[in-house]
Amino acid sequence: MVQQHVFLALSWIVFCVVHSLFAAHSFKQKIELSFPGLNKYYRFAYTIFAFVSLIAVLIYQIKLSSPLLYVPEIWIQIIGYSLMIIGAVIMLICIKKYFLSLSGIKSLFANKVVQNNLRIDGIHKFVRHPLYLGTFLFIWGGFIVFPYLSLLISVSIITIYTLIGIRFEEKKLLIEFGEAYKNYMRNTPMILPSFK
């Protein structure tokens, strides 16, 4: 059982590292130099790869026999499910808002490389990274309701990875959007919303 949980942790770590590698600008440039013209298809191919590898890790996790860390009482379940619902709603809003550009589908049908726009409207008025906020609420709510060791391992690794990744993502956004993003950083919190 210990080995299976260690393998689960390693699977999530490998998934996160590969995700970061493929998302890195330097890696994308190397692919573009090696395979000219692939840039148009890169994000879509990466999205498919990320989705398939995520499903593989999740299937392993679901099939894993893991100990329950505590038995959640009904009020704890209500809190957990509430967090999951709020998180899912935030994630769906974000996915609806920029699914075509993030998935790479938009690039497939464009004649040139699609440029990103700085989004500071809607839910982005309250936090700079609402998709991550929704993800955190959903996965930690899920752990509250289903407190298995395997889920604790997963949500911990995903949380640590995301918090580290946000720092790198913000550096890229500063390069891409410059002063506009600096102002946005000054006025809008990263993850925890401010309703001032």
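The values are calculated or read from the model by the stated rules, or taken from the named source; none is laboratory data. This one's a predicted model, so the numbers in the text were calculated from it and none came from an experiment. Glycine gets a Cβ as well: all are built from the backbone with ideal geometry, and neighbour counts include every protein chain shown. Keep in mind that these areas ignore ligands, DNA and RNA; they rest on the heavy atoms of the full protein, side chains included. Shrake-Rupley method; radii C 1.70, N 1.55, O 1.52, S 1.80 Å.
Could you grab me the full set of residues in segment 12-27 that are open to solvent by less than 60 Å² (accessible area, probe 1.4 Å) and in a helix (DSSP H, G or I)? Let's see the steps before the verdict.
To start, the set of residues in segment 12-27 that are open to solvent by less than 60 Å² (accessible area, probe 1.4 Å) comprises 12, 15-16, 18, 20, 22-24, 27.
Result: Trp12, Phe15, Cys16, Val18, Ser20, Phe22, Ala23, Phe27.
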Could you give me the residue pairs with C-beta distances under 8 Å whose first residue belongs to segment 50-65 and is without any contact (Cβ under 8 Å) to a residue 40 or more places away in the chain, whose second residue is open to solvent by 60 Å² or more (accessible area, probe 1.4 Å) wherever it lies, and which are 6+ apart or on separate chains? Ala50/His19
In segment 72-84, residue most open to solvent (accessible area, probe 1.4 Å) [restricted to those that are of a type in the set (A, V, I, L, M) and without any contact (Cβ under 8 Å) to a residue 40 or more places away in the chain]: Ile74
Unmet requirement for Leu33, which otherwise passes all of (1) among the aliphatic types (A, V, I, L, M); (2) open to solvent by 50 Å² or more (accessible area, probe 1.4 Å); (3) over 30 Å from Ile175 (Cβ atoms): (3)
Could you tell me which residue of segment 150-169 is farthest from Ala9 (Cα to Cα), considering only residues that are modelled with pLDDT of 90 or more, in contact with a helix residue (DSSP H, G or I) (Cβ under 7 Å, 6 or more places away or on another chain) and not hydrophobic (A, V, I, L, M, F, W, C)? Thr162
Scanning segment 35-62 for residues that are of a type in the set (Gly, Ala, Ser) and part of a helix (DSSP H, G or I), the one modelled with the highest pLDDT turns out to be Ala56
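When you check Lys182 against the structure, is it assigned to a helix (DSSP H, G or I) and either touching a residue at least 12 places away in the same chain (Cβ under 8 Å) or among the acidic types (Asp, Glu) (or both), yes or no? Explain how you work it out, then say what you get.
Working: assigned to a helix (DSSP H, G or I): yes; either touching a residue at least 12 places away in the same chain (Cβ under 8 Å) or among the acidic types (Asp, Glu) (or both): no.
So Lys182 fails the test.
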Of the numbered conditions (1) assigned to a helix (DSSP H, G or I); (2) under 20 Å from Leu151 (Cα atoms); (3) open to solvent by 60 Å² or more (accessible area, probe 1.4 Å); (4) β-branched (Val, Ile, Thr), Val89 satisfies every one except a single condition; which is it? (2)
